[in-house]
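Here's the structure, in structure tokens; my notes come after.
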Amino acid sequence: MPTISIGEFDLVYNMFSFTFATMFAAFLFFVLQRGQVAPKYRGALTMSAIIVAVAGYHYFRIFESWDAAYTLQDGVYVATGVGFNDAYRYIDWLLTVPLLVAELVAVLGLARAKSLSLTFRLAGAAALMVILGYPGEIAADTGTRALWGFLSTLPFLYLLYVLFVELGETMQRQTGETRVLLRNTRLLLFATWGFYPIVYLLPILGVEVSASLVAIQVGYGIADVAAKAGYGLMIFAIARSKSIDEGYIIGEDEPREAIGAPAGD
Ligand SMILES: *C/C=C(C)/C=C/C=C(C)/C=C/C1=C(C)CCCC1(C)C
């Protein structure tokens, strides 16, 4: 662990604290909003809640690990010798990244066979991407980092292909506002997920060790907030829009038509 300035240490410290708070608040939101969408879409909100809960827990641990890894000495932060545990982040991704793609499929409300096939392939590619990225993340030399980074990019590209080409056809069949929301959610996924490999590249591009350490932690933190909490809000909006389209009234578990309310009350 390189020696870093007080400002650099605090920036990462505050980022972890902010991310933890955001994940916690998002968890409460997703749990409390479940009743605002039709029962069919509540599974997607449950997944959002689980994702931010898992991420919140890991941020708490990362936060503690960061604090233990450094100590203030003569106006700079030096390594204590206690290792900073980057594995928390990858374990977190291994659990949350497949769930993120699964919830997008869940909110589409497709036929079961199609839904299962998409979930299986997207979640599989997502998990493989994370697993292949890890050896590079912890490697000391940039050559190893580049090699695993490249291998990890292959399932990432497959995932984008499925999302944009295969899912594109399904999305055309969605109506009005839902279609716009879905398109934006997919764009948000592309923009935020695309951020991770860029951050990962920093040491390869020759960014100085302490600067890239700080940029990686802050960069992943920002991306995680957008890709988990922000994305969860988009999924909520889609679920809400589809529920309304399908005649769902808040507080009733059946669509309007199915209740058979007597005419002319
Ligand atoms: C909540 C966490 C999310 C959405 C994490 C997403 C992570 C990625 C899209 C990571 C991708 C990577 C590559 C495509 C190549 C380099 C290694 C990774 C793992 C950073």
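Here are some notes:
- On inspection, Ile4 fails the criterion of being closer than 30 Å to Gly124 by Cβ and in contact (Cβ under 8 Å) with a residue 12 or more places away in the chain.
- Screening the candidates Leu151, Leu110, Leu104, Leu157 for the property of being open to solvent by 30 Å² or more (accessible area, probe 1.4 Å), within 19 Å of the chain's Cα centre (by Cα) and either within 16 Å of the ligand (Cβ to nearest atom) or more than 17 Å from Ile198 (Cα to Cα) (or both) yields one hit, Leu157.
- Residues in region 215-229 that are near the ligand (Cβ under 10 Å from one of its atoms), of a type in the set (Val, Ile, Thr) and farther than 17 Å from Ile50 by Cβ: Ile216 alone.
- Residues of region 64-88 that turn out to be surrounded by 18 or more Cβ atoms within 10 Å (Cβ to Cβ) and at pLDDT below 95, as a count: 2
- Selection from region 12-44 of residues that are of a type in the set (A, V, I, L, M, F, W, C) and out of contact with any helix residue (DSSP H, G or I) (no Cβ under 6 Å at 6 or more places or on another chain): Phe18, Ala21, Ala25, Leu28, Phe29, Leu32
- Which listed residue, of Arg145, Arg121, is within 12 Å of the ligand (Cβ to nearest atom), basic (Lys, Arg) and either open to solvent by less than 50 Å² (accessible area, probe 1.4 Å) or on the phi < 0 side of the Ramachandran plot (or both): Arg145
The values are calculated or read from the model by the stated rules, or taken from the named source; none is laboratory data. Please read these numbers as outputs of a predicted model, since none were measured by experiment. Positions of Cβ are generated from backbone atoms using ideal geometry, with glycine treated the same way; all protein chains shown enter the neighbour counts. The accessibility values were calculated without ligands, DNA or RNA, using every heavy atom of the protein model including side chains. Shrake-Rupley method; radii C 1.70, N 1.55, O 1.52, S 1.80 Å.
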